[in-house]
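Worksheet: the structure to be examined is printed underneath.
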Amino acid sequence: MPEVLKAPLVVEFPFTRSLGPVQSAFLTGLRERVVLGVKTGDGRTLVPPVEYDPVTSEEIRDLVEVAPTGTVTTWAWNHAPRRGQPLDTPFAWVLVRLDGADTSLLHALDATGPDAVHTGMRVRIRWAEERSGAITDIACFEPYDSVETPEPAGHDGRFEDMVTGIVAPARLDYTYSPGRAQSGYINALSDRRIVGERCPSCRKVYVPPRGACPTCGVATVEEVEVGPGGTVTTYCIVNIKAKNLDIEVPYVYGHIALDGADLALHGRIGGIPYDQVRMGLRVEPVWTDGGRYPDHYRPTGEPDADYETYKELV
Amino acid sequence: MSKEPVAVVGIGQTKHVAARRDVSIAGLVREAAQRALDDAELTWADIDAVVIGKAPDFFEGVMMPELYLADALGAVGKPMLRVHTAGSVGGSTALVATNLIAGRVHGTVLTLAYEKQSESNAMWGLSLPIPFQQPLLAGAGGFFAPHVRAYMRRTAAPDTVGSLVAYKDRRNALKNPYAHLHEHDITLEKVQASPMLWDPIRYSETCPSSDGACAMVLTDRVGAARSPRPAAWLHGGAMRSEPTMFAGKDCVSPQAGKDCAADVYQQAGITDPRREIDAVEMYVPFSWYEPMWLENLGFAAEGEGWKLTESGVTELDGDLPVNMSGGVLSTNPIGASGMIRFAEAALQVRGQAGEHQVDGVRRALGHAYGGGSQFFSMWLVGAEPPAS
């Protein structure tokens, strides 16, 4: 079997978060080195705080300050930190119940090794030097040997210049594979051939092939070369430039039924003024050196196809 | 054993806007849910289960948001389900909730759908780069515009029909305090002079990007008997799917949409939807989808949908009002958009639609679609309980 293609795919976006009143106070507090929890109907203090009571479902807004010291309730050693994690040397993920809180906060503990960490150990916050109103304002936790518990100042959660939103960038790293059928299709494109696959049951030719017929639900294996000529079945003229696309506007985005294919594929129509493109226009692919796909399709000069000949493909 | 009749007794939504920077996602869904509970005069304790829907997680970048929203929706200690069927999700979410009551699994269910589009960018979320593929297009408009052109070719509809839909829906939105766009100075000329984005689709014929949530309280006969306000009764509900692309797919009038409508009408005993249904709230993100869906849903013969629009039949005071709320063209928190359609149908038969209420609506259809015209969900609600 020919080799199946693979390529890295990175999906990345700087998502924004509007915080609402409770998270706004919590994160602003961190900026000011104040840790806030919220009181529930049954008198517990939740840190980090939430907006709605997990028992009664009522809205809760009663913020209370807790201490920057606490106790590890459980932990796991992270021997190989990844990009974006709180520390770049091995550390422990810890759940810490801060003094005055009834729930635990997830964070990192800076420790020399797993032998230096145990459930029940006392820890305290190590504040980041530069703080902006984010969970990373807590740089990490560190072991705390004193028996003293600092008394919280009793902050009520009202600050000057509240943080109301944050940016939460996210990134996912995939290894993408188009699979057997599309790998064959893509490899053929480098030889400037367009190949589809025929369904053994309904005999329809799929381009690009997906490896199975979506109607009959059976595998497709018979390779069929189609085109190079084709008919524009429908199209639109794109007038707005998308941020992630390097195509000058206006351009024509067309559905092209290649000769021998039973459904249209999508491509750019060029070599003709955009306002002269029409349904039924006969086109052929234009290849560029080293391109993975036709750069665009251009008119062949043949007479337009009659609507009746392609209307089932629209 | 027959199904339990299902009633809508509470409806709530947020004022839809471009960005709700004052609330978290939890705060947004809570606001709609609380309003639905208030409408039904119920408390969190009266709810047996919660069914929530939203469009792709990339639209906010919160993976499995239902986990974090359990507290905000009073779901602790109760079943909570999340539904996803792309743009139709608001409709299919309501139908999953409906089936829990119809099957007598639960007595009273809170169902809710939302999107907080300001936290991300839907055009980005719908156009992730795929290795080995030529990047050609961004967003939904360019995807649907060729299908609109195909409809125009197939029916020889005058090219002004799309602008009539947009002008109507934007005026209807002025009567709906929850609608996102309130364009007080809208004129038909302005719609027709707006720039072509994806020719043949103009700027004013596209939906906005909104933050918003919609919630409904659904209940059984016992619950409906206690309802302080009139209930909307379910007479039929169905979902259908088909692949995004396959040989023989009718992209203008997909078979799955026709089958879904036929199922709903059969359940409701409807043989002539044009005469027997009083109002329709359908999913029209680009104006031309009104005439396209009028045909797909059986309100007009093939090729004739645009004539209903052009002759004013679908106006608020027309014979078959369509998108009384202002529609998706005026409000589009994507995940919630299907549920807003369903809720508007229910508001109309309850007589609770306020300034955009159509007189004497006894039966109304709510419709949603999603993906590449591949997921369909619809319900038909009535002012009277279904005949047993």
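The values are calculated or read from the model by the stated rules, or taken from the named source; none is laboratory data. Keep in mind that what you see is a predicted model, and the values were worked out from it rather than measured. FYI the Cβ positions are ideal-geometry reconstructions off the backbone, even for glycines, and counts take in every protein chain you see.
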Residue that is more than 9 Å from chain B (Cβ to nearest Cβ) and touching a Pro at 6+ places or on another chain (Cβ under 7 Å), where the choices are A:V249, A:V218, A:V226, A:V232 | A:V218
Is it true that some residue in the range A:241-251 is outside any loop (DSSP other than H, G, I, E, B), touching a residue at least 40 places away in the same chain (Cβ under 8 Å) and either over 15 Å from A:Y185 (Cβ atoms) or not hydroxyl-bearing (S, T, Y) (or both)?
-> no
What do you reckon, is B:L100 in a helix (DSSP H, G or I), in contact with a His (Cβ under 6 Å, 6 or more places away or on another chain) and more than 14 Å from every other protein chain (Cβ to nearest Cβ)?
-> yes
What single numbered condition from (1) in contact with a His (Cβ under 9 Å, 6 or more places away or on another chain); (2) over 28 Å from B:W124 (Cα atoms) fails to hold for A:E197?
-> (1)
Does the range A:112-131 hold any residues that are in contact (Cβ under 8 Å) with a residue 40 or more places away in the chain and loosely packed, with under 13 Cβ neighbours inside 10 Å, and which are they?
-> A:H118, A:T119, A:G120
Filtering helices (runs of 4 or more DSSP H) wholly in the range B:295-388 for at least 2 residues that are out of contact with any helix residue (DSSP H, G or I) (no Cβ under 9 Å at 6 or more places or on another chain) gives B:334-350
Single unsatisfied condition, B:R229 versus (1) within 24 Å of B:E384 (Cβ to Cβ); (2) assigned to a helix (DSSP H, G or I) = (2)
Test: residue in the range B:194-217 that is part of a helix (DSSP H, G or I) and in contact with a strand residue (DSSP E or B) (Cβ under 7 Å, 6 or more places away or on another chain) | yes
When the range A:173-214 is checked residue by residue, the ones that are surrounded by fewer than 21 Cβ atoms within 10 Å (Cβ to Cβ), part of a strand (DSSP E or B) and facing chain B (nearest Cβ under 10 Å) are A:Y174, A:T175, A:Y176
From B:L67, B:L136, B:L73, B:L126, grab the single residue that is facing chain A (nearest Cβ under 9 Å) and modelled with pLDDT under 95.
-> B:L136
Which ones in the range B:115-163 are more than 18 Å from B:D199 (Cβ to Cβ) and surrounded by 21 or more Cβ atoms within 10 Å (Cβ to Cβ)?
-> B:E115, B:K116, B:Q117, B:E119, B:S120, B:S127
Extreme residue, modelled with the lowest pLDDT, among residues of the range A:278-296 that are at the interface with another protein chain (Cβ under 10 Å from one of its Cβ atoms) and crowded, with 18+ Cβ neighbours inside 10 Å = A:Y293
Please find, among B:V8, B:V29, B:V50, B:V23, the residue that is in a helix (DSSP H, G or I) and among the β-branched types (V, I, T).
-> B:V29
Residue check, A:I272 more than 10 Å from chain B (Cβ to nearest Cβ), buried (at least 22 other Cβ atoms within 10 Å of the Cβ), free of Cβ contacts under 8 Å to residues at least 60 places away in the same chain and over 28 Å from the mean Cα position of the chain (by Cα) = no
Among the residues of the range B:248-269, which ones are in contact with a strand residue (DSSP E or B) (Cβ under 9 Å, 6 or more places away or on another chain) and either within 30 Å of A:E197 (Cα to Cα) or surrounded by fewer than 21 Cβ atoms within 10 Å (Cβ to Cβ) (or both)?
-> B:C251, B:P254, B:Q255, B:A256, B:G257, B:K258, B:D259, B:A262, B:D263, B:Q266, B:Q267, B:G269
With the checklist (1) assigned to a loop (DSSP other than H, G, I, E, B); (2) touching a Lys or Arg at 6+ places or on another chain (Cβ under 8 Å); (3) within 19 Å of B:T85 (Cα to Cα) in hand, flag the one item B:C260 doesn't pass.
-> (1)
Just checking, which of B:A86, B:A7, B:A55 is buried (at least 18 other Cβ atoms within 10 Å of the Cβ), under 22 Å from B:P385 (Cα atoms) and more than 14 Å from chain A (Cβ to nearest Cβ)?
-> B:A7
Answer yes or no: is there a residue in the range A:130-140 that is in a loop (DSSP other than H, G, I, E, B) and over 23 Å from A:T16 (Cβ atoms).
-> no
Leading residue by the ranking (surrounded by the fewest Cβ atoms within 10 Å (Cβ to Cβ)) among those in the range A:41-75 that are within 14 Å of another protein chain (Cβ to nearest Cβ) and closer than 30 Å to A:P143 by Cβ | A:R44
Residue that is surrounded by fewer than 24 Cβ atoms within 10 Å (Cβ to Cβ) and over 26 Å from B:Q13 (Cα atoms), where the choices are B:M239, B:M245, B:M292 | B:M245
When you scan the range B:11-20, how many residues do you find that are of a type in the set (G, A, S) and either part of a loop (DSSP other than H, G, I, E, B) or within 14 Å of chain A (Cβ to nearest Cβ) (or both)?
-> 2
Residues satisfying the stated conditions in the range A:76-92, i.e. among the aliphatic types (A, V, I, L, M) and either surrounded by fewer than 19 Cβ atoms within 10 Å (Cβ to Cβ) or touching a Gly at 6+ places or on another chain (Cβ under 7 Å) (or both) = A:A76, A:A80, A:L87
Of all residues in the range A:275-313 being part of a loop (DSSP other than H, G, I, E, B) and in contact with a Leu (Cβ under 7 Å, 6 or more places away or on another chain), which is nearest to B:C251 (Cα to Cα)?
-> A:D304
(1) under 31 Å from the mean Cα position of the chain (by Cα); (2) more than 20 Å from A:T73 (Cβ to Cβ); (3) among the aromatic types (F, W, Y) all hold for A:F159 apart from (1)
Mind checking which residues of the range B:164-203 are surrounded by fewer than 20 Cβ atoms within 10 Å (Cβ to Cβ) and of a type in the set (F, W, Y)?
-> B:Y203
Just checking, which of B:T271, B:T244 is over 30 Å from B:F144 (Cβ atoms) and of a type in the set (S, T, Y)?
-> B:T271
Just to be sure, is A:V72 over 28 Å from the mean Cα position of the chain (by Cα) and of a type outside the set (S, T, Y)?
-> yes
